[in-house]
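Structure record follows, encoded as structure tokens.
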Amino acid sequence: MMSRQTGSSPLPEKPQTMAHFAHISREWDPKHGAYVAKLLPGDFYATALGEHVWTVLGSCVSACIRDRRTGIGGMNHFMLPHDQSRGKSAWSSATSAETRYGGAAMERLINDILKLGGRRENLEVKLIGGGRVIAGMETTDIGARNADFVRRYAQDENLTICGEDLGDIYPRRVHYLPESGRVLVKKLTAGRNDAMAAEESTYRTSVQRAVLASDIELF
């Protein structure tokens, strides 16, 4: 594989990806020695080439799914459990309009993992997110609805859940390594949760939060 030069160190060529992932930002992460795909709300990404995937979640949920034998896997980032728009959407692309909803986000991710060579009977799932990031929203807790949906979906589809970090009041930064199945989760301070909710709904490309000391989970 050819390399490209950045500074004094050559980097591996960026892996090829499926055409419908062309909009996904993928950058080299020197800490992990891999290319990392960044997901925004409504995105999903699957890989068979050793890439990692990361995102930031508020009330949204991500399912990290992989074939435990081959390491082929990926992650999604959905905002709502079901589509109640009745065909109307202001989102910027057909893919994100569809996959901001849990059912489509799960189906599209699983289908792409299978297209890349994964087998359904080997799939394992880890679930993250669904925080109640806006105080006083207990009666319309989107995060809880997302968490309930994804648990039911996995049960109905006979998918093996081997880890989860759902609920609570914190946004989360998630870094997934499909080859090994490891998930790194950092819970973030809740002081700017209104901003987190706004960023989820407007496709903001970055989130600034202070990381809670010693609140890093690996499972």
Residue span ILE169 to LEU114: 0.36 nm per residue of separation minus Cα-Cα distance leaves a gain in nm of 16.4 nm
Quick check: pseudo-label points 7 Å beyond the Cα along Cα→Cβ at THR70 and HIS20, how many nm apart are they? 1.7 nm
Under 30 Å Cα to Cα from LYS187, which lysines show up? Leave out anything in the same chain fewer than 8 places away. LYS14, LYS31, LYS38, LYS126
Fully extended, how many nm does the chain gain between LEU184 and GLU121 (0.36 nm per residue separation, minus their Cα-Cα distance)? 20.2 nm
Quick one: length gained pulling ASN158 to GLU27 fully straight, 0.36 nm per residue minus the C-alpha distance? 43.8 nm
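FYI, it's all coordinate maths here, none of it is from the lab. Only a predicted model underlies this, so the values are computations on that prediction, with no experimental measurement involved. All Cβ positions, glycine included, derive from the backbone under ideal geometry; neighbour counts span all protein chains shown.
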